[in-house]
Amino acid sequence: MKLLSKFWDKLEEILIILSLSLMTLVTFIYVVLNNLYQPFLDLADYFESLKSILEPIGIFIMTMAMEMTWSVALTKLFFGMLIFLGASYGVRTAGHIGIDVLVKKFSKTGQRNISIIACLLCLFYAALIAYASLEWIQAMFVADVGAEDLNTFNIKVWEIGLIIPIGYTLIFFRFIEILIRLFRGQQTDLGLADEASDALKLNEEHKE
């Protein structure tokens, strides 16, 4: 079980890193190509003797840039993956901000009970969105609609939309893990980030 949990954690991290890396790489290449062809064309006009060499290079780079109409759509796809996978990762690593000023005024038992109710609500919400998105994906699958600007890769709208139920399913299971720990008494809250506490710690460190 621990091995499966570690594999799941690593896979989640790898997919997040891969999404961020590919998004950055595609954007970088597109920006470089869009700014690289003009210097070659300018140099070709300035150096007549090298025009036959520099101009074709500039035109080739410009053509490549013009053909990358899919780059923005692909970047949005990777960004969407980053958002939904990152949401699940945030639940696991206490990356989401918690507003628990009132909750902390209760006893440990009260905090635990409130957290259980909050966790159940989060589970309901995650399950609801995952189910609703699956219905939408089914409709898109039947319609067989191609994704705009991604025809080059033959990507369909329903294939892009899969990240929503996958992401919320991962979030669902992350909250299941939290709920189990709450019932076992291993924690008394949802394990969210405490910005106020972090700010106070930073302020104390700064004073020192």
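The values are calculated or read from the model by the stated rules, or taken from the named source; none is laboratory data. A quick note: this is a predicted structure, and the numbers were derived from the prediction, not measured. Positions of Cβ are backbone-derived with ideal geometry, glycine not excepted, and every protein chain shown enters the neighbour counts.
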### Task
Might you let me know whether the stretch 104-114 holds any residue that is touching a helix residue (DSSP H, G or I) at 6+ places or on another chain (Cβ under 6 Å), part of a helix (DSSP H, G or I) and among the hydroxyl-bearing types (Ser, Thr, Tyr)?
no
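Working only within the stretch 117-150, note down all residues that are touching a residue at least 40 places away in the same chain (Cβ under 8 Å), more than 18 Å from GLY80 (Cβ to Cβ) and not aliphatic (A, V, I, L, M). If you could, list the steps in order and put the result at the bottom.
In the first step, residues of the stretch 117-150 are kept if they are touching a residue at least 40 places away in the same chain (Cβ under 8 Å); the result is 118-120, 122-123, 126-127, 130, 147-150.
After this cut, where a residue has to be more than 18 Å from GLY80 (Cβ to Cβ) as well, the list is 118-120, 122-123, 127.
Scanning the stretch 117-150 gives CYS119, CYS122.
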Inside the stretch 12-31, the number of residues satisfying the requirement of being more than 14 Å from the chain's Cα centre (by Cα) and surrounded by 12 or more Cβ atoms within 10 Å (Cβ to Cβ) is 6
Checking ASP198, ASP100 in turn, the sole residue that is modelled with pLDDT under 85, closer than 27 Å to GLU13 by Cα, acidic (Asp, Glu) and in the same structural domain as LEU82 (by TED's automatic domain parsing) turns out to be ASP198
Per the filter on the stretch 47-97, residues within 17 Å of ASP149 (Cβ to Cβ), small (Gly, Ala, Ser) and in contact (Cβ under 8 Å) with a residue 40 or more places away in the chain are SER71, ALA73, GLY80
Inside the stretch 32-56, the number of residues satisfying the requirement of being surrounded by fewer than 16 Cβ atoms within 10 Å (Cβ to Cβ) and part of a helix (DSSP H, G or I) is 16
Residue hits (the stretch 137-162; of a type outside the set (Lys, Arg) and not in a helix (DSSP H, G or I)) are ASP144, VAL145, GLY146, ALA147, GLU148, ASP149, LEU150, ASN154, ILE155, LEU162
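Being touching a Leu at 6+ places or on another chain (Cβ under 6 Å) and either of a type in the set (Gly, Ala, Ser) or more than 14 Å from PHE84 (Cβ to Cβ) (or both) narrows it down to one of PHE175, PHE153, so name that one. Full working, then the answer.
Working: PHE153 fails: touching a Leu at 6+ places or on another chain (Cβ under 6 Å).
Being touching a Leu at 6+ places or on another chain (Cβ under 6 Å) and either of a type in the set (Gly, Ala, Ser) or more than 14 Å from PHE84 (Cβ to Cβ) (or both) holds for just one of PHE175, PHE153, which is PHE175.
Given the criteria touching a Cys at 6+ places or on another chain (Cβ under 6 Å) and either modelled with pLDDT under 90 or surrounded by fewer than 19 Cβ atoms within 10 Å (Cβ to Cβ) (or both), does ILE178 qualify? Working first, answer last.
Numbers: touching a Cys at 6+ places or on another chain (Cβ under 6 Å): yes; either modelled with pLDDT under 90 or surrounded by fewer than 19 Cβ atoms within 10 Å (Cβ to Cβ) (or both): yes.
Yes, satisfied.
Step by step: first the residues of the stretch 148-158, then only those that are touching a helix residue (DSSP H, G or I) at 6+ places or on another chain (Cβ under 9 Å) and not hydrophobic (A, V, I, L, M, F, W, C), then the one that is modelled with the highest pLDDT. Which residue is that? Even if it seems obvious, please write down each step before you answer.
Start the filter on the stretch 148-158 by keeping residues that are touching a helix residue (DSSP H, G or I) at 6+ places or on another chain (Cβ under 9 Å), which leaves 148-150, 152-153, 155-158.
Of the ones still in play, those that are also not hydrophobic (A, V, I, L, M, F, W, C) are 148-149, 152, 156.
Numbers: GLU148: 78, ASP149: 78, THR152: 74, LYS156: 87.
Ranking the qualifying residues of the stretch 148-158, first place goes to LYS156.
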